[in-house]
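Everything below concerns the one structure shown next.
The values are calculated or read from the model by the stated rules, or taken from the named source; none is laboratory data. Because the structure is a prediction, the values reported are computed rather than measured.
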Amino acid sequence: MEEKKLDPMLEKVAPNRRDFIKKVAIGTAYAVPVIASFSLDSVRNKAFAQATYTTPPAPAPAPAQAVAPRVVSPLVAGGSGITVNFDQNMDTSIPANGDQRFDVCYDREVCFQAGALDGKALNGCVDVPHEWSWVGKHAQLLTVLTTSGVFCGMVQIKYGKRPNSDGCIDFKGANGLNLQPFDGEVYFCND
């Protein structure tokens, strides 16, 4: 391109850029590719505006923690025995009999307090023949085996450990956790 033809066009360009534009226009035989740059903010905003959002699914519930079994209160007296109910399946492979071990600890302790003629309990425990058995997986039955008449009185049943000892409880739930300590009593009469 000739210089004379360029001068009227260069009047529109800033004076400090005219020499550069003139050299480029005269010195090149082809058009130099021009790279235009622009901000992608407007494109991104449109993409976000068109995107659809869904509520993420609720997290899965945490697995249930295993809970130690408990004795359900109150104790149930009737017929020839007292039923101890548990709040979950128990490990019935553990023998139901065997109350006390070596005065160190116990799985279960029973105290029969026979009633005197005035209906008041005597001090201390009395020896009353009895036996324990499993009733399904949720209960133990204490059967009073008196052959010499009627027993009436308060019966205290404890599952747990003696004070100031390490203690032990062999009775376990089907989940393997030890039975929680329990101390309860019920009036019983096997008439």
query = Residues of region 78-89 being at pLDDT 90 or above and assigned to a strand (DSSP E or B), which ones?
reply = ILE82, THR83, VAL84, ASN85, PHE86
ask   = Out of PRO181, PRO95, which single residue is at pLDDT below 80 and under 31 Å from the mean Cα position of the chain (by Cα)?
value = PRO95
